[in-house]
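Each reported figure results from applying straightforward, stated rules to the coordinates on display, with no laboratory input. Please read these numbers as outputs of a predicted model, since none were measured by experiment. Glycine also receives a Cβ, built like all others from the backbone with ideal geometry; neighbour counts cover every protein chain displayed.
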Amino acid sequence: MAKLNVGDAAPDFSGTTTDGSKVALKDFRGKTLILYFYPKDDTPGCTAQACSLRDANTEIKKKGAAVLGVSTQGEASHQRFAAKYDLNFPLLADTDKSVAKAYGALGGGGLLSAAMSLAGFADRVTFVIDRAGKIAHIINSPNTKNHAEEVLALI
């Protein structure tokens with residue numbers, strides 16, 4: 001898997017979200033997509049990141065963008081996480097890790113990333129995908145507590 005860069009076409013993906021519906025990259029054409037990968041449901045950093053995006057989702061939508069969270073847990077885990085924190089955006093269940101692999105969010109580099117990959121967890125990285133399906137920005141080390149502010153500054 002090649003490392004993605006700003007300006008690259010975003011890899012196509014499809015999968016099942018929190019509510020059991022199917023979603024694909026093509027569903028977001030014409031709007032900006034905040035595609036964020038996170039290691040694990042209901043952990044402190046992942047919860048802070050999700051809640052930051054939840055709290056700013058109205059403002060994100062006003063800017064013509066949508067949020068989609070991705071991790072390798074299954075639909076049931078995502079449903080519990082989304083319900084517990086009243087998340088107002090879908091989570092993609094990437095149980096076969098195909099989306100994380102396509103975006104280089106699995107085993108991206110370094111010892112921590114390698115260990116997380118062996119354990120089956122995605123790296124924490126966010127891709128801002130523009131209306132035409134190109135990668136506009138990559139946030140490699142998101143600030144979990146203020147992630148929405150990082151995203152809003154870019155869209």
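How charged is the neighbourhood of residue 84? Take every other residue with its Cβ under 10 Å from the Cβ of residue 84, and add Lys/Arg as +1 and Asp/Glu as -1. Each step should come with its number before you reach the end.
Values: positive: 80; negative: 41, 42, 86.
Neighbour charge sum, excluding residue 84 itself: -2.
Among 76, 122, 93, the largest mean-square fluctuation in a Gaussian network model of the chain, built with springs joining Cα atoms closer than 10 Å, belongs to 76.
Can you say what percent of the DSSP beta bridges in the chain, counting only those with both residues inside, are antiparallel? Round to 5.
Details: 15 of 24 bridges.
Restricted to the chain, the bridges split so that about 60 percent are antiparallel.
About the centre of its Cα atoms, the chain shows a dipole size close to 260 debye [charges on the beta carbon of Lys, Arg (+1) and Asp, Glu (-1) only; nearest 20 debye]. Taking a ≥ b ≥ c as the square roots of the eigenvalues of the alpha carbon gyration tensor, region 4-57 is prolate, as a/c is not under 1.5 and a/b beats b/c. Once Rh is set to the Kirkwood radius over Cα pairs, what Stokes-Einstein translational diffusion coefficient, in µm²/s, holds for the chain at a temperature of 4 °C and a viscosity of 1.567 mPa s? Using the Kirkwood radius from Cα pairs, D works out to 85 µm²/s. Going 7 Å from the Cα of residue 83 along its beta-carbon direction, which residues of region 14-54 have the amide nitrogen within less than 12 Å of the resulting point? Residues 19 fall inside that zone. Near residue 67, once Lys and Arg are set to +1 and Asp and Glu to -1 for all other residues with Cβ below 10 Å from its Cβ, the sum equals +2. With a Förster radius of 22 Å applied to the beta-carbon distance between residue 62 and residue 130, the computed FRET efficiency rounds to 0.80.
Each of 81, 37 has some number of other Cβ atoms within 10 Å of its Cβ, and from fewest to most they run 81, 37.
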